[in-house]
1. At 7 Å along Cα-to-Cβ for each site, give me the label-to-label distance between K315 and Q175 in nm.
2. Exactly which trypsin sites (Lys or Arg not before Pro) in the stretch 27-78 are in a DSSP loop and have at most 13 other Cβ atoms within 10 Å?
3. Run the helix sum for the chain: -39,500 (n - 2.57) per DSSP H stretch of 4+ residues, divided by residue count, reported at 222 nm to the nearest 500 deg cm²/dmol.
4. Rounded to the nearest whole Å², what accessible area per residue is found for the stretch 48-161 with the 1.4 Å probe?
5. List the pairs from K160/K268; K115/K325; K49/K285; K281/K315; K49/K144; K268/K325 whose alpha-carbon separation is above 26 Å, in the order I gave them.
6. Residues with beta-carbon under 10 Å from that of Y135, excluding Y135: net charge, scoring Lys, Arg +1 and Asp, Glu -1?
7. Hey, with R₀ at 25 Å, roughly what FRET efficiency would A151 and D219 work out to, going by the Cβ-Cβ distance, to 0.05?
8. Under the Karplus relation 6.51 cos²θ - 1.76 cosθ + 1.60, θ = phi - 60°, what is the ordered set of whole-Hz ³J(HN,Hα) values for the stretch 82-91, x standing for Gly and Pro?
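The values are calculated or read from the model by the stated rules, or taken from the named source; none is laboratory data. Model, not experiment: these values are computed from the prediction. Cβ placement follows ideal geometry from the backbone for every residue including glycine, while neighbour counts extend to all protein chains displayed. Quick note on the areas: whole protein, heavy atoms, side chains included, nothing else; ligands and nucleic acids left out. Shrake-Rupley method; radii C 1.70, N 1.55, O 1.52, S 1.80 Å.
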Amino acid sequence: MHTIAVLPGDGIGDEVIREALRVLEAVSAVTGFAYTVERYPYGADHYLKTGEAFPDSALRAMQDHSAILLGAIGDPRVETGLLERAIIGGIRFGLDLYVNLRPIRLLAEHLCPLKGVTPAAIDMVVVRENTEGGYVGVGGNMKKGTLDEVAVCNMVWTRKGTERVIRFAFELARQRGRRKRLTMVDKANAIRPQDLWTRTFEEVGRDYPDVERDHAYIDAACMWMVKNPDWFDTVVTDNLFGDILTDLGAMLQGGLGIAASGNIHPGKVSMFEPIHGSAPKYRGKNVACPVAAIAAAGMMLEHLGDREGAALVEKAIGAALRTRKIPSLQAGAIATDAAGDAIIGEIGTLAAAAG
Ligand SMILES: NC(=O)c1ccc[n+]([C@@H]2O[C@H](COP(=O)([O-])OP(=O)(O)OC[C@H]3O[C@@H](n4cnc5c(N)ncnc54)[C@H](O)[C@@H]3O)[C@@H](O)[C@H]2O)c1
C-alpha cells in the first residue's frame, strides 16, 4: 500500500490537485494501484494563519510517505519567494531530490505553436540538476537599496552532484532507447568553471559507449529546440538552465497547462508536480487547466511501479486533447472539473477497449 503526501499549496493548486486525485482514483479502479492519501496544509493560508511556512516536522513527515504530490506554491499576500523557498526548496534540498525530470512530449499536433511539427518530432526528456547551481543561496546583497548596492549570486557545482545527475541521464538515455543520444547543455564557454560539467560528462560517458554524446551551449540549445526539436532525445543540464529550457519545452507541448515534473532521488521518496506556478488570478474560478497536475500524478504512478497506470494516464490525456474534448490548455478553455471528467472518461473508454 502506497501512502501519498498531498500538498495542494496555493492559488490554483487546490483545484488542479483535486482533479489529479480524481484521476488517480479512476486509474486505481483499473490497475488496482493501492494507496492512501494524507493531505498537508502548507502554503500561504496556513502561513498567514499560523506563521509557519514549512517546519522541520513536516519535512520529517514527508520521509514517511511513498511519494509527494504537490500543486503549486506562491501567493501575492506573502513576500516573494518566501514560501517557494521554504516549501519547494525545503523538500527538494531537504530530501536531496537531485534529479528534476521533465518529459516534453507533444500529444496533440494542434497544440504545438511551431508550424508543421508532428507529435513524432517532439519526444524528449530534460534531466535538470535540482540541488546545486544558482539556487543554493550562496550570495547576498550589500548596501541594499542604495546606489552602491552590490548583489552576488554564486553558481555552485560539486563534482559529486554533477556526476550523479549526469550518470542518471546516461542511464535514462540508454533505457529510453529511442535515439540513445544524450545532449549536455551548459555555458562552459563563458562560465569557465562549468567545464566541470564538460569533463564529468566525457568521463562518465565512457561508461556508456552505446549512448551518443552530444553538446550544446544553453543559448544554442534554445534555438535548436525551436528549430529542430526532433534532434533532442535526453538532455542533461544545470538547475537554472534546466528551469528556463523546460518552460520553452512546455510551450512546444502546448503550454504550461500540460507540463509535469518529477523531483527524484532514485530509491527514495520523491515529489511530483506540475511545472506551472500558482496562477493566483485564477484561484477558485474553476478555469485552470489541470492536465499538468494529472500528468504529474501519472509520473508518480510510473515512479511507484504502476507502469500500466502511468501509460493509461498519458493515453487518456492524449485522447482528450486530440479529440478536443479538452480544446486547449489555456485557462477557461474548459472548466477545471470538466477537463478532469474528460480524462476520466477516456480512462474508462481505454480500459473497456482493453477488456
Ligand atoms: N513549483 C511551483 O510551485 C512554482 C513554479 C513557478 C512559479 N511559482 C509561483 O507561482 C506564482 C505565480 O508565478 P507566475 O505567474 O510566474 O507563474 P505561473 O505558472 O503561476 O503562471 C504563468 C502563466 O501561466 C498561466 N498558467 C499557469 N498555470 C496554468 C494552468 N494550470 N492553467 C492555465 N493557465 C496557467 C498563468 O495564468 C500565467 O499567465 C509565484 O508566486 C511564483 O513564485 C511556483
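1. Going by the 7 Å Cα→Cβ label model, 2.2 nm.
2. R77
3. Value at 222 nm, helices only: -12500 deg cm²/dmol.
4. 49
5. From the list (K160/K268; K115/K325; K49/K285; K281/K315; K49/K144; K268/K325), the Cα-Cα distance tops 26 Å for K281/K315; K49/K144; K268/K325.
6. -2
7. 0.65
8. 4, 6, 4, 5, 5, 8, 5, x, x, 6
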